[in-house]
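Take a look at the structure set out below.
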Amino acid sequence: MQSKTILVVTTISSPNKALRELAVGCQLYHWNFIIIGDTKTPSDFSLVKLKTGKNEILDNLRKCYDTLIKNEIFPSKEGDLLEVWLKDINSVIKRK
């Protein structure tokens, strides 16, 4: 019988750095990550949904930047800079 690791966290706070780091760590180790809220938990609570695997890194990076821009943590011009950078990375990957 194979056991499955599950990390359960309770919170009344909005998503924050600690919760995002826990979510990413759980994805890396293929653990389930469950957040339990209550009536004080913000209704718009959500974390960025990332996919596992090295082929997903560039798309995951784009999703993270999009969320940071949406929440006005990064200025919108960062999205344009990211796209240029990802284009360069893709050209290097294709040459290998």
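List of remarks:
- Beyond 30 Å in Cα-Cα separation lie the following of the pairs LYS4/LYS87; LYS51/LYS77; LYS4/LYS49: LYS4/LYS87.
- Net charge of neighbours whose Cβ lies under 13 Å from the Cβ of VAL24, counting Lys and Arg as +1 and Asp and Glu as -1: +3
- Net charge of neighbours whose Cβ lies under 15 Å from the Cβ of ASP59, counting Lys and Arg as +1 and Asp and Glu as -1: +3
- Cα long-axis angle, helix 17-29 against the chain (0 to 90 degrees, to the nearest 10): 80 degrees
- DSSP-assigned coil residues among trypsin sites (Lys or Arg not before Pro) in segment 1-32, each with at most 10 further Cβ atoms within 10 Å: LYS4
- For the chain, a Gaussian network of Cα nodes joined below 10 Å ranks VAL84, VAL48, VAL24 by mean-square fluctuation, and the top entry is VAL84.
- Axis of helix 77-95 versus longest Cα principal axis of the chain: the two differ by about 70°, to the nearest ten degrees.
- For GluC sites (Glu not before Pro), the sites in segment 50-82 that DSSP calls loop and that have at most 11 other Cβ atoms within 10 Å are GLU72.
Readers should treat all values here as calculations from the given coordinates under stated rules, not as data from a laboratory. For clarity, every value in this text was computed on a predicted model and none was experimentally measured. No Cβ is skipped: glycine too gets one built from the backbone with ideal geometry, and neighbour counts run over all protein chains shown.
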